[in-house]
């Protein structure tokens, strides 16, 4: 994959999920696979892999993807059952892009804490110059019980700069851009979680755009 310049990445940041080139695109915590399926339809020269530890929500869309093309099948889609900390070795150095949209539970905790094992697993599947997009949405009121259960720190600018980003850099990622998305931006993301959360305009949505080094 031809790497984008920092300026090009910045220009595209307000339209997250724009694709950088033809290649292998991996969606971690894919949920019901909506992002993978829609993206594969729109970008037939890319190959999409949706990964989730829970495959129950994927049953319908994975069956649809295996149909004949005339009936909605997509030859450029694969769904894999795996935990992010134990991604299949077959994926080593294959991903040209990795997307993680609105993670929850243990995946959310790992990304906010910068869990070493999870970051190493992500780095392991990166092809040279792989781009990684992470979008995290937290509502301190609505998500209070989950924040307390997972013992999550607040994603303040100070925490990002002095705690989290150094962990990502140590794991082999360069931070190209970071910021807060407005509701008008994040609500347009083609994911089921974005659709479900559209009523929460007070939700703080933080994004990171990284590149494997």
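The values are calculated or read from the model by the stated rules, or taken from the named source; none is laboratory data. Just so you know, these numbers come straight off a predicted model, no measurement behind them. Glycine also receives a Cβ, built like all others from the backbone with ideal geometry; neighbour counts cover every protein chain displayed.
Listed values, structure above:
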read-out: Any chance residue 13 is surrounded by 19 or more Cβ atoms within 10 Å (Cβ to Cβ), under 14 Å from residue 99 (Cβ atoms) and either at pLDDT below 85 or over 16 Å from the mean Cα position of the chain (by Cα) (or both); value: no
read-out: Of all residues making up region 56-71, the number that are within 12 Å of residue 32 (Cβ to Cβ) and exposed (fewer than 13 other Cβ atoms within 10 Å of the Cβ); value: 3
read-out: Single residue of region 28-69 satisfying the filter (more than 19 Å from residue 104 (Cβ to Cβ) and in contact (Cβ under 8 Å) with a residue 60 or more places away in the chain) that is farthest from the chain's Cα centre (by Cα); value: 38
read-out: Residue selected from region 70-84 under the condition within 17 Å of the chain's Cα centre (by Cα) and not in a loop (DSSP other than H, G, I, E, B), by the criterion nearest to residue 107 (Cα to Cα); value: 84
read-out: Scan of region 186-203 for residues that are modelled with pLDDT of 65 or more and crowded, with 17+ Cβ neighbours inside 10 Å, ordered by number; value: 186, 189, 203
read-out: Residue list for region 85-110, filter: over 29 Å from residue 203 (Cβ atoms), assigned to a helix (DSSP H, G or I) and in contact (Cβ under 8 Å) with a residue 60 or more places away in the chain; value: 91
read-out: Filter result (outside any strand (DSSP E or B) and either in contact with a helix residue (DSSP H, G or I) (Cβ under 6 Å, 6 or more places away or on another chain) or under 14 Å from residue 88 (Cβ atoms) (or both)) within region 37-54; value: 37, 53
read-out: Some residue of region 56-64 being modelled with pLDDT under 90 and in a loop (DSSP other than H, G, I, E, B); value: no
